[in-house]
Structures are given as C-alpha cells and as structure tokens.
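Attaching a single structure in structure tokens format; questions to follow.
The values are calculated or read from the model by the stated rules, or taken from the named source; none is laboratory data. As the structure is a prediction and not an experimental result, all values here were calculated from the model. Cβ sites come from the backbone with ideal geometry, for glycine too, and all protein chains shown count toward neighbours. All accessible areas refer to the heavy atoms of the entire protein, side chains included, with ligands and DNA or RNA removed. Shrake-Rupley method; radii C 1.70, N 1.55, O 1.52, S 1.80 Å.
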Amino acid sequence: MNKVILSVFVFFIQFTFIFPAKSQENNHSFRPGAIWHDDRGIHINAHGGGILYFDNKYYWFGEHKSENSNAALVGVTCYSSDDLYHWKYEGVALPVVRDLSSDITEGCVIERPKVIYNAKTKQFVMYFHLELKGEGYKASRTGIAVSDSVAGTYKFLKSYRPNAGHFPLNMTEKQKQERTLPDYFSAWWTPEWRQATVDGMFVRRDFDSGQMSRDMTLFVDDDGKAYHIYSSEENLTLHLAELSDDYLSHTGKYIRIAPGGHNEAPAIFKKDNLYYMITSGCTGWDPNAARLFTADSIMGTWTEHPNPCSGKDAELTFHSQSTYILPVQGMKDAFIFMADRWTPRHPIDGRYVWLPILFENGLPVLKWFDKWDLNVFRPDAEVDNTFEIGKQTFLLYHARTKIVKSMQSVPGRRHHSPRL
Ligand code: DGJ
C-alpha cells in the first residue's frame, strides 16, 4: 500500500514542481562537474571563461586546453547559446600564431579571457592574462585583442603590465615614499616582509615597468565605465583598474584590494548598487576556500566577509575556482557563479561548476546542487538540496509551501532550507 501511495506521489510531483534527475538529460539543467557537451557532442573547451550577452545571445569565451598541456596551442574559443543550457561551438575567437616573434605565439600561456562590448566604438574587446612562451609565469602581462564581430576573429593588439608610472589611489604618501624593496629580504613570509608587502613594496618595485597582471576579470558598470580586476604584486594583492573610454588601455586610476591577502580568480557582480566580488586563495591548480568582498563604490573600500560557500566541501569551493559571475538576462537578481574544476594532468578534461548565487542575510551564498535550472531564480522558488526516493535522485527548488509540507512524510527526504 505504501508503495502505491509513493508511486502516485512521485507521478504527481514529476509533472508539477519537482524535476527528476533522469528526464534532464536533454539539457534543460546545469550539472556542475559533469561533461558538458556542445552542439557537436564534444565537451566544451572554454576554461577560465567569461560570458558576454549580446544581441539576445550569450557568448562564452574561454581557454582552449589540450590533452597534455596548459600552454595555449589553439587560443581562445567561443560558444554561443540562447538559453545557457545548449551551446553551439563558434570556433576559435583568438587564435595563437605560428610566429615566434609574436606575444601570442603557439605555446604561450593565455588564461581567463573576458570580452566586453564598447557601445561607442562598436568594438568587442578581449582582455586575457598572457605569459610569454618559455617564461613560466614571469611576464605577468595583460593581453588585449579586438573584433568588429562578437565571435571574432579577434585581432591581437598588444600586451603589457598595466599602470606603469602610476601609484594606486589608496596608497598613502608615506607608503609611496618608503624605500624598502623585495630584494632587501632574504626570506619571504616573515612579519617584516608581510608588513612591507602590505605597505606596497611590490608596487614600488614595479612602478616604472608596470604592475604584474595575472588572474583577471572585466566589469562594465551601469555608466559604461569598464574595469580590469587582476592579481598583482606576485599574486599577493588584487588591483582594480579603470579602463579608458575605448576600453583599450588603463587610465592609471587604480586601487589595491586586500593587500597581502593572496587572492586570485576574481569574479564580480553588482546588485542594488552594491558591488560583490568572489575570489580564491592561491594554491596553483588545487582548489581552496572562496573569499567574498563587498563595496559601496567600485573604487572601494572593499570589505571582506566569510567564505560564501556552505555545506560539504565548502572549504574547497566544491573542488573548483571562480572565473566569472553571470547576470541572467530577464531575471531579477539572478546571478550564476561560474567556476573551473581544473585537471592539470589532463587539462582538456577540466569541468565547469556553475552554481546559482543565493542570498541569505543580504550576502551571497553558494550551495552545491547536483543538478539545477533557472527556475531556482523564480521569486516563488524554494531552494532545497537533492533528495532520494528509491533509486531516483530529485532536486527540489520550485515548490509551494503546501507541497513542501507534504514532503515531510516521504521516506528518504533530506534537508529543507528556508524560503528565499
Ligand atoms: C591558478 C590560476 O587561477 C589559474 O588561472 C592558473 O594560473 C593556475 N593558478 C596556474 O597554476
């Protein structure tokens, strides 16, 4: 008898508010950490990526990774989508070149490409972290490329270390005039070295040649001003820098964020006039705990909050590292946290971990979902984790209170988190 009641219940909920795992195979859901096929049936190859929404379509740009190498052997790839679930391969947006004299020669390192659109120049502008071939991670440059069409092909313009000859707006006169430089220290991580780092000794070291620029993202504010956020000062300090009106250079106006805090993988979004930034710590390709910062004004002050992840593996950002935060078009307060699960020994197999940004007590919260879809952002959504009935796994996040209450008598049901 119990079995009959259970079957009727399962039948009912499948067609109402709960989405069974098996019927989602035709891609109307996100499955963090799984293989994500493109329109050709090939795992999407766009790592460390970012998304531009243009002309009613999403364009995902990312690093092409090979079987055995993290070096750029192909370039920056592009995929397009109408719905964020189905992705069409658009090709190589920025190809590396077979010219040893070029900064983007095959075998260089191109990481974390991001594309923005400049409405004034009608150009698409791509920024990326560039390391010169054969130099490891020493060069620490920003690369810039442009295109007249969104999917490319992009033309490489230049690479450099940003903001040469400019001090950050939030360095004090005393810090600017200090004389201590990194060479004075025989060992890193001593209390004196830490203090000197906080006081900007790496900024002073690189003042003439430009500031180091590694993990990065771009952000365009409501007024059309664009900003480049990057790990600088040997990955010890983030810089947030204003771009020129054509987005093709840095203006020299920039701030330091969390000096000495060892942040990389910055991803940023804005909601209700507040700026939010999620970053990671620095542990190479290995995951670590995400960090969260907020600011009233993009030029600071940025305040750090506790790890936004919650639940199992929260201290490892669910085995991933942030790359971008995507505002979902046409949905209010809907933001997707995009992250990479790196597989450095087989880079092409790297996975994508996309999770909805939920808000609790006014701050973003990230929770693991095996599968989820955009209904999670509906104003009447209930957010819950997966639960099991028999051998089937269900995910509940769009249910009315009535249904949730009747769930309580179902065997095997797990957690119920509060209404959004
Ligand atoms: C972590 C960065 O976030 C990645 O983009 C990449 O640069 C690796 N470090 C290299 O170890």
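Can you name the condition, by its number, that Trp189 falls short on among (1) surrounded by fewer than 17 Cβ atoms within 10 Å (Cβ to Cβ); (2) in contact (Cβ under 8 Å) with a residue 24 or more places away in the chain?
(2)
Any residue at all in region 309-330 that is more than 29 Å from Asp82 (Cα to Cα) and part of a strand (DSSP E or B)?
Yes, the conditions are met somewhere in region 309-330.
This table checks each residue for (1) more than 16 Å from the ligand (Cβ to nearest atom); (2) free of Cβ contacts under 8 Å to residues at least 40 places away in the same chain; (3) assigned to a strand (DSSP E or B).
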site: Val115; (1), (2), (3): yes, no, yes
site: Thr121; (1), (2), (3): yes, no, no
site: Arg204; (1), (2), (3): yes, yes, no
site: Gln211; (1), (2), (3): yes, no, no
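Is it the case that region 123-137 has a residue that's within 16 Å of the ligand (Cβ to nearest atom), open to solvent by less than 10 Å² (accessible area, probe 1.4 Å) and among the β-branched types (Val, Ile, Thr)?
no
So, one more: Take Val203 and decide whether it is within 19 Å of Ala164 (Cβ to Cβ) and either surrounded by fewer than 21 Cβ atoms within 10 Å (Cβ to Cβ) or at pLDDT 95 or above (or both).
When the stated conditions are applied, Val203 passes them.
Being within 26 Å of Ile116 (Cα to Cα) and open to solvent by 10 Å² or more (accessible area, probe 1.4 Å) is the filter; apply it to region 283-297 and report the residue that is nearest to the ligand (Cβ to nearest atom).
Arg291
To keep it simple, each residue is scored yes or no on (1) out of contact with any Gly (no Cβ under 9 Å at 6 or more places or on another chain); (2) within 18 Å of Leu248 (Cβ to Cβ).
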site: Trp60; (1), (2): no, no
site: Glu67; (1), (2): yes, no
site: Leu73; (1), (2): no, no
site: Gly91; (1), (2): no, no
site: Cys108; (1), (2): no, no
site: Val125; (1), (2): yes, yes
site: Ala139; (1), (2): yes, no
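Also, quick follow-up: For region 254-272, indicate whether the set of residues that are hydroxyl-bearing (Ser, Thr, Tyr) and open to solvent by less than 10 Å² (accessible area, probe 1.4 Å) is non-empty.
yes
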